[in-house]
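Engineer: Next up is a structure, given as structure tokens.
The values are calculated or read from the model by the stated rules, or taken from the named source; none is laboratory data. Keep in mind that this is a model prediction, so the values were computed, not measured. Positions of Cβ are generated from backbone atoms using ideal geometry, with glycine treated the same way; all protein chains shown enter the neighbour counts. We work out accessible area using only protein heavy atoms, side chains counted, and drop any ligands, DNA or RNA first. Shrake-Rupley method; radii C 1.70, N 1.55, O 1.52, S 1.80 Å.
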Amino acid sequence: MKQPILFLLLAVACTQLFSCSGNKSARDTIQAQLEAWQGKEILFPEDIRFTTVRGDEEVDFQVSDSTYKILTYLDSIGCGSCKLNLVGWKKLVEYFHEVAEMDVQFLFFFHPDNVRDVKVQMKRDSFAYPVCFDREDALNKLNHFSSELQLQTFLLDKDNKVVAVGNPVYSPQVKGLYLRILAPALKQENINQTEVSVSSRDIRLGTFKVGERRDTTVYIHNTGSGPLVAYDVQASCGCTEVEYDQHPILPGDSLALRIGFEYNQRGAFDKIVLLYGNVAKSPLVFHVRGMLE
């Protein structure tokens, strides 16, 4: 898929987050901002200092020339510690580095109203990744970021140009689309594929009432010689909830794909779940079928 199309899909995913308000003008403004960022180079201050979880110890950490970077910026508006979600970022860093083995550098720039509160949260959540407390807000002054939380995170290429905008911690759709952009780079690294067998691709939930929830589990058995890594799971409808283990599944073990379905419209349904991973026929396609009465 061409990059402009992926960026458009990211724009749609981001603007959907604001759709509940029904404010078309606000959505149009966000759409315009997203389009303005496409291909724009992020400028970094000359003197950048990063610290660790202790908050006051500088570390030797610089903006690198890695294939991709994920930059997130925290402004001073509102409760900074409330907006961070450091636990979510910890999981994302672990996923990209340890699970998917992607060449991605994470850049955290914080300009909170209360630095002490953020440091306390970093210690509480054992957030050990280096961060820059940008007390002068130099990064923002160079680039003029949006005040919208979802528009303060960027996927950058090796030249620091914006490939995509959106916060993958707060939006599963954005995370999935980030992975779709990164997947070609992942294949270029020649990560070994494995073979799998699936307990069922045709998931029958039977007949049940509108508003009732049905849950089921599909097992994907790793029958190959290398670890099975699930990069992402996408469902064709928000009515379908999917959970899975993001850690590598060793040969002989199975990945449990937990699927929950709840819908408010009568009639037959046929929804699709896609699992992206290091298998030859990725994505694996699952049909979730049934009848609501």
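Engineer: Would you point out the residue of the range 113-138, among those that are over 25 Å from P45 (Cα atoms) and in contact with a Ser or Thr (Cβ under 8 Å, 6 or more places away or on another chain), that is most open to solvent (accessible area, probe 1.4 Å)?
Structural biologist: Looking at residues that are over 25 Å from P45 (Cα atoms) and in contact with a Ser or Thr (Cβ under 8 Å, 6 or more places away or on another chain), I get V120.
Engineer: Then there's this: Which one is farthest from G88 (Cα to Cα) among residues in the range 110-133 that are out of contact with any Gly (no Cβ under 7 Å at 6 or more places or on another chain) and part of a loop (DSSP other than H, G, I, E, B)?
Structural biologist: H111
Engineer: Can you confirm whether S282 is open to solvent by 40 Å² or more (accessible area, probe 1.4 Å) and in contact with a Phe, Trp or Tyr (Cβ under 6 Å, 6 or more places away or on another chain)?
Structural biologist: For S282, the condition - open to solvent by 40 Å² or more (accessible area, probe 1.4 Å) and in contact with a Phe, Trp or Tyr (Cβ under 6 Å, 6 or more places away or on another chain) - is met.
Engineer: Can you name every residue in the range 210-234 that is under 21 Å from R289 (Cα atoms), open to solvent by 40 Å² or more (accessible area, probe 1.4 Å) and in contact with a strand residue (DSSP E or B) (Cβ under 7 Å, 6 or more places away or on another chain)?
Structural biologist: Across the range 210-234, the qualifying residues are V210, R213, R214, D215, T216, T217, Y219, Q234.
Engineer: Is it the case that K83 is open to solvent by 40 Å² or more (accessible area, probe 1.4 Å), at pLDDT below 85 and either in contact with a strand residue (DSSP E or B) (Cβ under 7 Å, 6 or more places away or on another chain) or of a type in the set (V, I, T) (or both)? Break it down stepwise before answering.
Structural biologist: Details: open to solvent by 40 Å² or more (accessible area, probe 1.4 Å): yes; at pLDDT below 85: yes; either in contact with a strand residue (DSSP E or B) (Cβ under 7 Å, 6 or more places away or on another chain) or of a type in the set (V, I, T) (or both): yes.
Yes: the conditions hold for K83.
Engineer: Could you tell me which residue of the range 235-253 is least open to solvent (accessible area, probe 1.4 Å), considering only residues that are farther than 17 Å from P283 by Cα and in a loop (DSSP other than H, G, I, E, B)?
Structural biologist: Once the filter is applied, the top-ranked residue is C239.
Engineer: Looking only at the range 143-170, count how many residues are modelled with pLDDT of 90 or more, part of a loop (DSSP other than H, G, I, E, B), closer than 17 Å to F110 by Cβ and polar (S, T, N, Q).
Structural biologist: 1
Engineer: Can I ask one more? Which residues, counting only those in the range 254-289, are touching a Leu at 6+ places or on another chain (Cβ under 8 Å), outside any strand (DSSP E or B) and more than 22 Å from K209 (Cβ to Cβ)?
Structural biologist: N278, S282, P283
Engineer: I've got another one for you. Of all the residues that make up the range 187-206, how many are touching a Gly at 6+ places or on another chain (Cβ under 7 Å), open to solvent by 70 Å² or more (accessible area, probe 1.4 Å) and more than 24 Å from Y95 (Cα to Cα)?
Structural biologist: Count: 1.
Engineer: Here is a list: I70, I77. Which entry is at pLDDT 90 or above and either open to solvent by less than 50 Å² (accessible area, probe 1.4 Å) or in a loop (DSSP other than H, G, I, E, B) (or both)?
Structural biologist: I70
Engineer: Further question: Quick one: how many residues across the range 14-67 are at pLDDT below 75 and assigned to a loop (DSSP other than H, G, I, E, B)?
Structural biologist: Count: 9.
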